[in-house]
Amino acid sequence: MPKARLAAALLLTLATGAVAAQRAPAPPAACTDFYGHVNAGWLAANPLPAGTERYSRWNQLNAAGMAQRDQILNGTTAPEGAAVGAELADFFASAQDEAAIEAAGIKPLQPLLAIVDRIRRTRDIGPAIAALHAAGFPVLVDVKVLRDVTGRPYAQLAPGGIGLPDAAFYTAADAEAATIRQQYGQALGAWLRQLGAPEAQLPAQTAQVATIELQLAQATATGTPFQILAIDEAQKVAGGFDLRALLQAHGLRADYVAIAGPAFLTTVDRLIKTLPPEQWKVYLRAQIARDLAPALGRGFREPWLQLYDAQLSGQDQSTPRVVRARQLLEAHVPELLDAVYVERFLPLPRQQRGREIAEAVRTAAVAAVGNATWLSEEGRARAAERLRTMNIQVGRDLPQNVFAELKFERDDFVGNVLHLRRWLMKYAPVRAQFAWPAEQWQPLVALMPAENRLVVTAAALQTPLLDDSGNAAGYGGLGALIAQQMMIGLTGFEGADAAAWNQRVTPLLAQYGAYSAAGGATKVNATRSFVQNQADLAGVEIAWAALNAQGPVSPADAQAFFAGWAAIWARQDEPTALARAQATTDHAPPKWRVNGPLSNLPAFAEAYGCRAGQAMVRPPAQQVALWR
């Protein structure tokens, strides 16, 4: 090595060693920058990933939740004592047992085929369709059980019964659509052959199926817009096609239904009345085979994969059967995955502590409202009633018997799929009643104002929001977030109450508008973040009151509380992007979501011994108090 280069290398080595020997910069003092004080370790350990503009504790929580979800979806065994998890593992194991699937042949379809075989006359067709729905095969009409804003279940009826993914494929004149129709016809022939149709009858039977699907597709394409009808009015549209029997198959009695394309139901009624029962039997057998082909042996599955994966989706490789099984569960039975997630990853004591914190926060909020002399008596009564009646759900709970009937066999995948579908039909109203806006592996604390409902997912019941230590940080993290969302639901004041509220919160505009967004000239958009800044301050105030209501708060607990709030907002930001975001964001930068509300609280200054004039102590005349 040349001497000059060697000297440079030695200098670089010495310099690097000298830097390494230096101590890491001390974190900011608590009374100067509490956000930086609490989160210094996290910020040092979690640099901004390349190519990203921000990275936060919430990103970590999301990633952890996804990893935990994937453990469930990739497992064919479950921990000891995990009853629901064991059933799910058996389901996934059955999806991978190719030998058992091939050996079963069409035996798992026999109960469905027997329903079709009982059709003798025109009047048997409608009941057979309803019976197929009840047996786990929702043919012809897509029925979804939903909830209205009052929580009542109702049915949404949409066109179904066609094998191609878009009704336009049946009528389009272009060469691509013609090719797809031809390949679909070949697949229909293959499926009917597997069901035992004589070779000589395959062309005629395929044509019979295509005739019905074409007319259904035409009705779908010309359907009227979505509309809500009383059940009696909807029955008039459906004619002789018994909608009540169809809904009963789903365990639902509804006063009204949402119809997506009433013309479709009229067409179904006409086809039932005019087409021979034998043609309907061929059509229904073909639909059974098509729908369940991905779960059946090669004779069914290969034509399905060639049409749907290769031709229609353009996939170079077919989706593995077990992956499709996972997708099925994620899309249609999220509460089953939720139950397994809670069973495996949410210890019961932690869930119970989360609920205790939530109830303590509710009690403190009611007390704060009662002490709000700036509100009218009517305003206080209305706010208190909203808090008392708020449905707070911490971790998803379903009635214990919901999964009791959900039993899977490790060697019967098709039977398991049908059993799962029957379970879905039976418990559709219950599932609609307990629907959530997110899955349990997704960290979320959110108010649903229209339902006066506050939800906390299982993934939110972990560090940094809540841990198993039982210390006051749980009130500062989870408790303050719950209070934040809870108090958002109270801000729709009217008249003099609205004026009084505005007077209390308006100083936040000047406070946040004075903060630098990213250390430069760009200021925090205090107007856009106004509502959230109110919620953050209210949340910390109410959660602090809730903690104090549990008994004397030690200095250590007080510090743990405020550190709990600060820890949940740790985030790395690219400064230019953070400054640019002020034009559109509804949230203050994380530093000010911590320092902004805490600098208004005398309790914070007392906990850390902060003095007047320090950055984390706003002058008493400028301190904003909302609910204290």
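The values are calculated or read from the model by the stated rules, or taken from the named source; none is laboratory data. Just so you know, these numbers come straight off a predicted model, no measurement behind them. Positions of Cβ are generated from backbone atoms using ideal geometry, with glycine treated the same way; all protein chains shown enter the neighbour counts. To get the accessible areas, we keep the full protein, side chains included, count just its heavy atoms, and leave off ligands, DNA and RNA. Shrake-Rupley method; radii C 1.70, N 1.55, O 1.52, S 1.80 Å.
I'm trying to understand the selection: among the residues of the stretch 135-151, which are open to solvent by 50 Å² or more (accessible area, probe 1.4 Å) and touching a helix residue (DSSP H, G or I) at 6+ places or on another chain (Cβ under 7 Å)?
Correct list: LEU146, ARG147, VAL149.
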* Asked: Mind checking whether some residue in the stretch 220-231 is of a type in the set (S, T, N, Q) and surrounded by 17 or more Cβ atoms within 10 Å (Cβ to Cβ)?
  -> yes
When every residue in the stretch 430-442 that is modelled with pLDDT under 90 and buried (at least 19 other Cβ atoms within 10 Å of the Cβ) is compared, the one nearest to TYR154 (Cα to Cα) is ALA432
The one condition LEU375 fails out of (1) of a type in the set (A, V, I, L, M); (2) open to solvent by less than 40 Å² (accessible area, probe 1.4 Å); (3) part of a helix (DSSP H, G or I) is (3)
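Is the stretch 282-304 home to any residue that is part of a helix (DSSP H, G or I), within 30 Å of THR463 (Cβ to Cβ) and not assigned by the TED database to the domain that holds ASN548?
Taking the stretch 282-304 as the starting set, the residues that turn out to be part of a helix (DSSP H, G or I) are 282-295, 298-304.
If we keep only those that are within 30 Å of THR463 (Cβ to Cβ) too, we end up with none.
The answer is no, given that none of the residues of the stretch 282-304 is part of a helix (DSSP H, G or I), within 30 Å of THR463 (Cβ to Cβ) and not assigned by the TED database to the domain that holds ASN548.
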Restricting attention to the stretch 240-259, does a residue exist that is outside any loop (DSSP other than H, G, I, E, B) and farther than 26 Å from TRP423 by Cα?
no
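Do you know which residues across the stretch 115-161 are part of a loop (DSSP other than H, G, I, E, B) and closer than 17 Å to PRO262 by Cβ?
Selection gives LEU140, GLY160, GLY161.
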Within the stretch 306-325, of all residues that are within 29 Å of the chain's Cα centre (by Cα) and open to solvent by less than 40 Å² (accessible area, probe 1.4 Å), the one nearest to LEU140 (Cα to Cα) is TYR308
Determine, yes or no, whether TYR154 is under 30 Å from VAL430 (Cβ atoms), surrounded by 16 or more Cβ atoms within 10 Å (Cβ to Cβ) and hydroxyl-bearing (Ser, Thr, Tyr).
yes
Note on the stretch 514-556: residues over 18 Å from TRP569 (Cα atoms) and in a helix (DSSP H, G or I) are ILE542, ALA545, ALA546, LEU547, ASN548, PRO555, ALA556
Subset of the stretch 161-172, residues touching a residue at least 40 places away in the same chain (Cβ under 8 Å) and either out of contact with any Phe, Trp or Tyr (no Cβ under 9 Å at 6 or more places or on another chain) or basic (Lys, Arg) (or both), comes to ALA167, ALA168, TYR170, THR171
The correct count of residues that are within 14 Å of TYR55 (Cα to Cα) and either polar (S, T, N, Q) or in a loop (DSSP other than H, G, I, E, B) (or both) in the stretch 574-596 is 2
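Would you mind finding the one in ALA167, ALA187, ALA177 that is open to solvent by less than 20 Å² (accessible area, probe 1.4 Å), aliphatic (A, V, I, L, M) and under 30 Å from ILE228 (Cβ atoms)?
The conditions single out ALA167.
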Checked VAL116, VAL139 against criteria (touching a His at 6+ places or on another chain (Cβ under 9 Å) and under 19 Å from VAL282 (Cβ atoms)); the one match is VAL139
Is the stretch 326-338 home to any residue that is touching a His at 6+ places or on another chain (Cβ under 6 Å), buried (at least 16 other Cβ atoms within 10 Å of the Cβ) and more than 27 Å from ALA197 (Cα to Cα)?
-> no
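Here's the yes/no breakdown for (1) touching a helix residue (DSSP H, G or I) at 6+ places or on another chain (Cβ under 7 Å); (2) among the aliphatic types (A, V, I, L, M):
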{"site": "PHE34", "(1), (2)": "yes, no"}
{"site": "ASN46", "(1), (2)": "no, no"}
{"site": "PRO49", "(1), (2)": "no, no"}
{"site": "VAL84", "(1), (2)": "yes, yes"}
For the stretch 191-212, pairs from a residue that is closer than 18 Å to THR274 by Cβ and open to solvent by less than 50 Å² (accessible area, probe 1.4 Å) to a residue that is polar (S, T, N, Q) and part of a helix (DSSP H, G or I), with Cβ under 9 Å and 6 or more apart or across chains, are VAL209/GLN279; VAL209/GLN287; ILE212/GLN279
Apart from one, (1) under 30 Å from ALA570 (Cβ atoms); (2) crowded, with 16+ Cβ neighbours inside 10 Å all hold for MET66; the odd one out is (2)
Over the stretch 378-421, the set of residues out of contact with any strand residue (DSSP E or B) (no Cβ under 8 Å at 6 or more places or on another chain), under 30 Å from MET486 (Cβ atoms) and open to solvent by 40 Å² or more (accessible area, probe 1.4 Å) is GLU378, ARG380, ALA381, ARG382, GLU385, ARG386, ARG388, THR389, ASP397, PRO399, GLN400
Exercise. Does ASP117 qualify as being free of Cβ contacts under 8 Å to residues at least 12 places away in the same chain, over 28 Å from the mean Cα position of the chain (by Cα) and closer than 26 Å to TRP304 by Cβ?
Worked result: no
Discussion item. Can you find a residue that is part of a loop (DSSP other than H, G, I, E, B) and either touching a helix residue (DSSP H, G or I) at 6+ places or on another chain (Cβ under 6 Å) or closer than 24 Å to ILE482 by Cα (or both) anywhere in the stretch 343-350?
Written reply: yes
Restricted to the stretch 565-597 and to residues being under 26 Å from the mean Cα position of the chain (by Cα) and among the hydroxyl-bearing types (Ser, Thr, Tyr), the residue surrounded by the most Cβ atoms within 10 Å (Cβ to Cβ) is THR585
Open to solvent by less than 40 Å² (accessible area, probe 1.4 Å) and within 18 Å of the chain's Cα centre (by Cα), is that true of VAL445?
yes
Counting only residues in the stretch 507-541 that are more than 27 Å from LEU454 (Cβ to Cβ) and β-branched (Val, Ile, Thr), the one surrounded by the most Cβ atoms within 10 Å (Cβ to Cβ) is identified as VAL524
For the stretch 542-557, the count of residues that are over 21 Å from VAL445 (Cβ atoms) and open to solvent by 30 Å² or more (accessible area, probe 1.4 Å) equals 7
